[in-house]
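Below is one structure, written out as structure tokens, with a few remarks after it.
Values quoted throughout were computed directly from the atomic coordinates according to the rules given, and no laboratory measurement underlies them. A quick note: this is a predicted structure, and the numbers were derived from the prediction, not measured. Here the Cβ is made from the backbone with ideal geometry for all residues, glycine too, and neighbour counts use every protein chain on show.
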């Protein structure tokens, strides 16, 4: 591996070594490097618009649910249908989530039913202070959050390889 670029492409050995260092496949790394900026921007914008619409709709739903509740102060957002003083059971909430995914015609998420959504939530907050993400997401251990839930993603990997910080050597 000579670490040099020939023309506008890295040599195969260099690409493989960098990909290994980032713990991603060489194919994935190559796609990140050669992605067209316009296509990347279009994908990012479409994803952002979809996510924004979803968050707005969810926020409106939560607002209406809270307004419809007779409770004042601390109350469960998802109370048990049989006893509003208790939270909904994990099993019933899981049934609701599976039904919602089927109705929305969403593909099965990688991993367990709930962890895929927790992973996405945590990954989207990698840029925020870890203590705040831990508090909001209910984690008590940063190692668990960072190794199990926050996943590498194409957008962040692209920024990592395309936006290095300039380092200066100290003068003796």
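Annotation: of all residues in the range 118-136 being closer than 25 Å to residue 89 by Cβ and touching a helix residue (DSSP H, G or I) at 6+ places or on another chain (Cβ under 8 Å), the one that is surrounded by the fewest Cβ atoms within 10 Å (Cβ to Cβ) is 121.
On the given criteria, is residue 156 part of a helix (DSSP H, G or I), under 18 Å from the mean Cα position of the chain (by Cα) and exposed (fewer than 10 other Cβ atoms within 10 Å of the Cβ)? Spelling it out, it is not the case that residue 156 is part of a helix (DSSP H, G or I), under 18 Å from the mean Cα position of the chain (by Cα) and exposed (fewer than 10 other Cβ atoms within 10 Å of the Cβ). Test residue 141 against the stated conditions and say whether it is more than 21 Å from residue 94 (Cβ to Cβ), surrounded by fewer than 14 Cβ atoms within 10 Å (Cβ to Cβ) and in contact (Cβ under 8 Å) with a residue 12 or more places away in the chain. For residue 141, the condition - more than 21 Å from residue 94 (Cβ to Cβ), surrounded by fewer than 14 Cβ atoms within 10 Å (Cβ to Cβ) and in contact (Cβ under 8 Å) with a residue 12 or more places away in the chain - is not met.
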